[in-house]
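K.L.:
Please see the structure below; I have some questions.
The values are calculated or read from the model by the stated rules, or taken from the named source; none is laboratory data. Predicted model only: the values in this text are computed from it and were never measured. Ideal geometry is used to build each Cβ from the backbone, glycine not excepted, and the neighbour counts take in all protein chains shown.
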Amino acid sequence: MELYKKYRPRELNQIVGQEIAVRTLEAAIGKDSVPHFILFTGPSGCGKTTLARIVRRRLRCSRHDFIEDAPRKIEDVRAIKRRIHQAPMKGTCRVWLVDECHKLTSDAQDEFLKMLEDTPSHVYFLFTTTDPQKLKKTIKNRCTEIIVKSLSEESLAGLISSVCKEEKTKIDKEVIEKIVENSDGSARKALVFLDSIIHLPSKSERLNAIVTETAEAQAFEIVRALLYNRKTTWKEMARILKATEGEEPEQIRWLVLACCKTEMLKAGKFTGRAYIIIDAFRDNFYDSKHAGLAAACYEVIEGGKD
């Protein structure tokens, strides 16, 4: 089993780095006053869904009455609405976990609002989102917001060390620091990194693997933005490029070229776009470094406009 699944917390006292969120939920559960609508907000991989699942268990909601859903359209919300008046199959409540709720269409949000105004007392809605600004204020105002934050470097390092201790594996401080540096405050991302290097025998191999994996992920994000999404703006691209500043741009260039070459040889609908990217990335970045990487991306985005 993957480490991030194996060590996913099952109780609030196992949650790392979210002291305020945990205290708030513990207080509500202790007073038997859990809100019927809770909105968990914060970055990916920091515990929103885990917290929601723990709340479900503390409400003594059976797995038969717990529905994890990702509705998007008004028809999806209406399907939920048809079920909310059904009595629990076991226990006293039913719980819906609505994942990435900001992706609900405007009409779907309006339909959800109607449902929140007439929700039975045995029903709880637990919403999660990485982008609460896209939710209508009328929905947010009806929810109790639990803010989940990015984990501190200290919390991430402690988590990695404790997992290694459980796995009976020694890990160098420098490797831990490198994982923390590339995890963006995400516990899940840190454990995914750890999973990918924990069985390597030496410190140098572990460090090289982290660097390579990070570069590959960043290169693929660049390719996805430049090749597969013609609507990417320079502002969006700049945000992606900021995340590459700690990596070797020439290695990213090689990976981008490799991806685009593969796409060209497919002779499909992205062939022409792949050629444009290869042409922009033709010169090395040994001297120009990140400025060269930024210039190549800008050339593709601005030069590719119709």
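K.L.:
Would you check if Glu111 is in the same structural domain as Arg56 (by TED's automatic domain parsing), surrounded by fewer than 18 Cβ atoms within 10 Å (Cβ to Cβ) and not polar (S, T, N, Q)?
P.N.:
No.
K.L.:
Being of a type in the set (D, E, K, R) and surrounded by 13 or more Cβ atoms within 10 Å (Cβ to Cβ) is the filter; apply it to region 153-169 and report the residue that is farthest from Ser202 (Cα to Cα).
P.N.:
It comes out as Glu153.
K.L.:
So, in region 238-296, how many residues would count as being at positive phi and within 29 Å of the chain's Cα centre (by Cα)?
P.N.:
The total comes to 1.
K.L.:
Being farther than 20 Å from Arg142 by Cβ, under 18 Å from the mean Cα position of the chain (by Cα) and assigned by TED's automatic domain parsing to the domain that holds His122 narrows it down to one residue among Gly45, Gly30; which is it?
P.N.:
It is Gly45.
K.L.:
Just one of the numbered conditions (1) within 23 Å of Phe112 (Cα to Cα); (2) surrounded by fewer than 16 Cβ atoms within 10 Å (Cβ to Cβ) is not true of Gly30; which one?
P.N.:
In the conditions (1) within 23 Å of Phe112 (Cα to Cα); (2) surrounded by fewer than 16 Cβ atoms within 10 Å (Cβ to Cβ), Gly30 misses (1) alone.
K.L.:
Checking the structure you have, find out if any residue of region 94-106 is surrounded by 13 or more Cβ atoms within 10 Å (Cβ to Cβ), touching a His at 6+ places or on another chain (Cβ under 9 Å) and either part of a helix (DSSP H, G or I) or not small (Gly, Ala, Ser) (or both). Please lay out each step first, then the result.
P.N.:
If we filter region 94-106 for residues that are surrounded by 13 or more Cβ atoms within 10 Å (Cβ to Cβ), which is where we start, we get 94-105.
Then drop every residue that is not touching a His at 6+ places or on another chain (Cβ under 9 Å), which leaves 94.
Restricting the remaining residues to those that are either part of a helix (DSSP H, G or I) or not small (Gly, Ala, Ser) (or both) gives 94.
Checked region 94-106: at least one residue is surrounded by 13 or more Cβ atoms within 10 Å (Cβ to Cβ), touching a His at 6+ places or on another chain (Cβ under 9 Å) and either part of a helix (DSSP H, G or I) or not small (Gly, Ala, Ser) (or both).
K.L.:
Cβ-Cβ distance below 8 Å, separation of 6 or more or different chains: which pairs start in region 135-147 with a residue that is part of a helix (DSSP H, G or I) and end on one that is among the polar types (S, T, N, Q)?
P.N.:
Once the first residue is part of a helix (DSSP H, G or I) and sits in region 135-147, its partners that are among the polar types (S, T, N, Q) give Ile139/Gln109.
K.L.:
So which of Leu257, Leu265 is farther than 23 Å from Asp287 by Cα and either without any contact (Cβ under 8 Å) to a residue 60 or more places away in the chain or polar (S, T, N, Q) (or both)?
P.N.:
Working: Leu257 fails: farther than 23 Å from Asp287 by Cα.
Every option except Leu265 fails the conditions.
K.L.:
Taking the criterion of being over 30 Å from Val192 (Cα atoms), surrounded by 15 or more Cβ atoms within 10 Å (Cβ to Cβ), touching a residue at least 60 places away in the same chain (Cβ under 8 Å) and not β-branched (Val, Ile, Thr), would at least one residue in region 36-53 satisfy it?
P.N.:
yes
K.L.:
Step by step: first the residues of region 263-278, then only those that are surrounded by 14 or more Cβ atoms within 10 Å (Cβ to Cβ) and among the charged types (D, E, K, R), then the one that is farthest from Glu299 (Cα to Cα). Which residue is that?
P.N.:
Glu263
K.L.:
If you don't mind, there's one more thing I want to ask. Please go through region 41-56 and pick out each residue that is under 14 Å from Glu68 (Cβ atoms) and of a type in the set (A, V, I, L, M, F, W, C).
P.N.:
Listed by number, the residues that qualify are Leu51, Ala52, Ile54, Val55.
K.L.:
Tell me, which helices (runs of 4 or more DSSP H) wholly within region 1-64 include 3 or more residues that are modelled with pLDDT of 95 or more, hydrophobic (A, V, I, L, M, F, W, C) and more than 18 Å from Glu100 (Cβ to Cβ)?
P.N.:
By residue number, 19-30.
K.L.:
Any residue at all in region 164-179 that is of a type outside the set (Ser, Thr, Tyr) and within 30 Å of Ile276 (Cβ to Cβ)?
P.N.:
No: region 164-179 contains no residue that is of a type outside the set (Ser, Thr, Tyr) and within 30 Å of Ile276 (Cβ to Cβ).
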